[in-house]
Structures are given as structure tokens and as C-alpha cells.
Amino acid sequence: MNREMQIQSLEALYGLNQQGSAFLDETVTRSPIGRYTSQTRFEAERAAVFRGQPILAAHGSELPENGSFLTLQKSGLPILLTRDSSGRVNAFLNVCRHRGAKLVHDEKGCKGAFSCPYHAWTFANTGELRGVPHQKQGFPEIDKAANGLKRLPAVERLGFIWIVATPDIDYDFDTFLAPLEQEMAWIDMDQHVLVHVETVECRANWKLLLEAGLEAYHFRVAHKETVGPHMMDNLSSYHMFGPHIRSVLPRTSLPDLDMTAPETWDFRELANVVYTVFPTTQFLTMQDHFAWINVDPVAPDHTRIRLGTLAPAADITPEKAAHWTRNHAISKATLSEDFDICVDIQAGLDSGANDALTYGRYEGALDRFNAEIEAVL
Ligand code: FES
Ligand SMILES: [Fe+2]
């Protein structure tokens with residue numbers, strides 16, 4: 001999103017506000033509730049979407065040095081991330097190739113090799129099978145090269161670690177990431193540091209949670225105690241780029257713009273931008289930092305959310321520590337308002353009140369997001 005696009009989006013929103021209008025889609029659409037409740041549907045999503053598409057596994061700083069490792073559960077799989085002695089990031093299934101024990105139990109640490117807790121087969125942090133106790137008699141024919149850890153495609157770009165949760169495939173991350181890098185260059189994401197991150201369990205379908213980040217219709221209602229008063233009422237625009245969505249959410253300073261002097265406009269003071277990175281991540285840019293929201297679907301009605309706050313590396317100072325802590329708390333409080341409502345929605349889906357959820361013309365981005373999922377399925 002270059003400067004020209006930023007100006008254009010503010011001008012368009014300013015004009016809509018002047019007319020007392022909003023950014024409108026053509027029609028009202030409907031989203032069948034089976035999308036949010038069906039186990040069959042969830043399994044299809046897991047195969048095609050969570051395991052077939054690149055997902056964000058972690059921030060690069062969560063593997064801070066060569067030898068660092070991190071274990072996590074993603075897309076229903078136990079995953080081991082490592083940074084090897086060359087600095088390269090690797091992703092593996094965290095499963096021993098002997099009889100399938102969980103290889104690494106610690107959440108994080110620093111190690112060059114991992115010894116299985118069952119019979120002590122040992123694997124390097126590059127995945128190779130290094131040692132098999134009593135190999136000579138017990139496994140006389142073993143092909144060590146064929147018994148390394150199962151590798152998942154992984155790459156570190158934009159400051160984050162991206163994986164595809166399917167072992168032994170080749171994946172061309174360039175095609176996926178190049179448009180994102182171009183679109184988000186203005187944020188300098190890889191110059192940011194993860195200052196806070198936490199995990200939240202939520203009894204709601206993963207799509208409901210992301211849909212909450214795709215419209216401003218609810219701001220003044222659901223967020224009246226938090227960010228609602230600072231944002232324009234029911235005013236936002238969206239733009240698709242590939243399967244991803246850029247939403248521009250203007251602040252209440254929008255009507256005061258000097259339309260004769262766009263060169264003076266400070267875009268980040270005037271609007272938040274939410275990037276919905278298909279399929280399971282949102283980045284929410286604010287004045288001086290951004291939030292990272294990553295959903296990991298566990299079941300149709302259960303999602304594990306990682307919520308992080310990232311600040312510019314140059315602004316990581318003792319004086320600013322409290323500022324970042326406060327901003328993380330504000331993001332958490334605001335998003336929790338959405339998450340709580342999503343839990344209520346999920347609980348009522350099977351009530352028979354609705355056979356579909358209705359998206360008004362303010363909520364067209366929700367229909368487009370679901371259309372991208374349908375296309376992958
Ligand atoms: S299951 Fe890992 S060494 Fe046997
Ligand atoms: Fe919200």
C-alpha cells in the first residue's frame with residue numbers, strides 16, 4: 001500500500017462520510033451455519049485450508065539464536081521448529097521415527113540434537129537421525145537417511161516463520177509471500193520486535209473470530225467501552241489482493257482532514273489497517289505498532305488464538321516498556337470483546353434461530369473471505 005493508495009483510501013472514506021454514506025457491497029449475503037458447526041466441514045477445512053495453505057507458525061524472535069527450538073500444536077499436528085547452526089529455520093513433525101513418541105516435550109530451549117524419551121533415538125536440529133542405541137543387532141539394515149524427522153516446508157519472511165503443515169512436500173513460498181511483502185512494505189514488519197504474546201482459548205469457530213476483524217459496523221456497539229469512541233461509526237473500506245484482504249478503518253480525526261493538503265496527512269494517525277492474511281492470520285496496524293492475531297482451529301467450536309504486539313525495534317527502550325504493555329492490554333481487551341461475542345454466537349448456532357448468518361452491505365468483506373475458503377475447498 002503505497003502513499004498514493006493511502007491518500008486515495010482516505011479521500012474515498014472522507015467522501016463517503018461527507019455524504020452520510022458508507023462503503024457498500026452490492027447485495028446482502030448469507031453464510032450457512034453448517035460452515036461453523038459441522039465436523040465434516042471442519043475436517044475438509046483442515047485438509048485443504050489449515051494444512052494445504054501457508055500458515056504463520058511463530059515470530060522469528062521466538063527462535064532467538066542458532067540452536068533455539070520451539071514446540072507447538074498447529075493445524076492438529078505436533079510441530080517442532082528449530083534454528084540450526086546456519087541460522088536457517090526448520091519445521092518438523094515432533095514425532096519420533098522409531099515408534100512415534102513425542103520427541104521434544106519442552107516448549108522452548110536451545111539444543112543441537114534431541115533424544116527421544118522412549119528409546120533414545122537421537123535427531124539433529126536439522127532433522128537427521130544421528131543415533132540409534134544398539135543399532136547393530138537391533139536394526140541391522142536401517143537407512144538413517146530415510147528416517148530423519150518428517151520435514152514441513154518452512155521459511156522466515158516479514159519477520160515471521162511461515163510453514164505448510166504437510167510433510168514432505170515442496171512449496172513455493174515466493175508466489176504466496178511476494179504480493180504480501182509488496183503490499184505491507186510500508187509497515188517494515190521485519191524491523192519489529194515481539195514485545196508481548198499470549199495464547200487465548202476460545203469456544204468459537206475460527207471463522208467467526210476473523211470475521212469480527214472484517215467490518216466496522218459493530219465498533220460503536222461492541223467496543224463502546226474500548227476503541228469504539230475513537231473510530232468512525234460504521235465506516236471502513238476493503239480491498240482484496242489475491243485471497244487476502246486489506247481493510248482501512250478511519251479514526252474520528254477523518255472529518256477534520258484538510259482536503260487541500262493531502263501531503264500533510266499522517267496515514268497511521270488517521271486510520272488503522274487490518275490485513276487479513278489468508279487463511280488464519282490478521283495484522284492490525286495502529287499508530288506506532290501492530291498486533292498479530294493468529295487463529296489455530298482445534299475443533300468446529302474451539303480455536304486457539306495467539307495474540308501478539310509488535311513494536312519497532314528502535315522503540316524498544318526501558319522508557320517505552322509500559323507504553324507497549326498498555327497497548328497490548330488495550331488490544332487484548334478490545335479483541336476479547338469480539339471473542340466473547342463469538343462464543344455467544346457459537347453457543348446459539350444450533351438453536352434453530354438461524355439457518356444462516358446474514359451479512360449486510362456493510363459486511364461484504366465477510367462474504368469475500370468465506371468465498372476464498374469455499375474456493376480452496
Ligand atoms: S519411539 Fe522414539 S526412540 Fe523409540
Ligand atoms: Fe471488533
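So which GluC sites (Glu not before Pro) in the range 6-45 pass both tests, a DSSP loop state and at most 13 other Cβ atoms within 10 Å of the Cβ?
E26
Got a sec? How would I79, I163 order by Cβ neighbour count within 10 Å, fewest to most?
If I rank by nearby Cβ atoms, fewest first, I get I79, I163.
Sequence gap at least 6, Cα distance under 8 Å: using those rules, report the relative contact order of the chain to the nearest whole percent.
For the chain, the relative contact order is 22 percent.
Can you list the residues, at least 5 places off or on another chain, whose amide H is less than 5 Å from the amide H of A204, using H built in the peptide plane?
Here H302, T303 satisfy the definition.
To the nearest 20 debye, what is the magnitude of the charge dipole of the chain about its Cα centre, counting +1 on the Cβ of each Lys and Arg and -1 on the Cβ of each Asp and Glu?
1580 debye
Projected onto the charge dipole of the chain (+1 at Lys/Arg Cβ, -1 at Asp/Glu Cβ, origin at the Cα centre), which of L152, M184, L335 gives the Cα projection farthest towards the positive end?
Comparing the listed Cα positions along the dipole, L152 ranks first.
What list of whole percents do you get for P(r) of the chain, with Cα-Cα distances grouped in 10 Å bins up to the one holding the largest distance?
5, 22, 30, 24, 12, 5, 2, 0, 0
Using only C-alpha positions, report the orientation-averaged shadow area of the convex hull of the range 97-230, nm², one decimal.
Mean projected area of the Cα convex hull: 12.9 nm².
Student exercise: in the range 47-170, how many lysine pairs 8 or more apart or on different chains have Cα atoms under 21 Å apart?
Lysine pairs meeting the criterion: 10.
What whole-number value in cubic angstrom gives the convex hull volume per residue for the C-alpha atoms of the range 55-170?
In the range 55-170, the Cα convex hull volume per residue is 98 Å³.
Taking R0 as 30 Å, what's the FRET efficiency between E107 and H302 from their Cβ-Cβ distance, rounded to 0.05?
According to the calculation, E is roughly 0.90.
State the volume of the convex hull built on the alpha-carbon positions of the range 224-337, expressed per residue in Å³ and rounded to an integer.
Residue-normalised Cα hull volume stands at 153 Å³.
Where is the GNM fluctuation largest for the chain (alpha-carbon springs, 10 angstrom cutoff): P117, P153, P140?
With Cα springs under 10 Å in the chain, the top fluctuation among P117, P153, P140 is at P140.
Nearest 500 deg cm²/dmol is fine: what mean residue ellipticity at 222 nm does the chain get from its DSSP H runs of n ≥ 4 alone, each adding -39,500 (n - 2.57), divided by its residue count?
Rounded to the nearest 500, the figure is -7500 deg cm²/dmol.
Using a simple charge model, +1 on the beta-carbon of Lys and Arg, -1 on the beta-carbon of Asp and Glu, nothing else, what dipole does the range 55-170 show about its Cα centre, in debye to the nearest 20?
Once rounded to the nearest 20, the dipole reads 200 debye.
Which semi-axes, in whole Å and largest first, does the equivalent ellipsoid of the range 1-102 have when worked out from the alpha carbon gyration tensor as the square roots of 5 times its eigenvalues?
Semi-axes from the Cα gyration tensor: 42, 26, 9 Å.
Taking neighbour Cβ counts within 10 Å as the exposure measure, how do D296, D170 sort from fewest upward?
Ordered from fewest to most neighbouring Cβ atoms within 10 Å, D296, D170 come out as D170, D296.
Suppose a student asked you for the relative contact order of the range 55-170, using Cα pairs under 8 Å spaced at least 6 residues apart; what percent would you report?
27 percent
Quick one: order E128, E263 by neighbouring beta-carbon count within 10 Å, fewest to most.
Starting with the residue having the fewest Cβ neighbours, the order is E263, E128.
Dipole of the chain (Lys/Arg Cβ +1, Asp/Glu Cβ -1, origin at the Cα centre): which of V221, G15, I142 lies farthest to the positive side?
Among V221, G15, I142, the one farthest towards the positive end of the dipole of the chain is I142.
Take the alpha-carbon centre of the range 170-228, take the same for the range 78-103, and report the distance between them in whole Å.
Between the Cα centres of the range 170-228 and the range 78-103 lies a distance of 27 Å.
The numbers here are math on the coordinates, done by the rules we state, and not lab data. Bear in mind that the values here come from a model prediction, so they are computed numbers and not experimental data. Every residue, glycine as well, gets a Cβ built from its backbone with ideal geometry; the counts of neighbours run over all protein chains shown.
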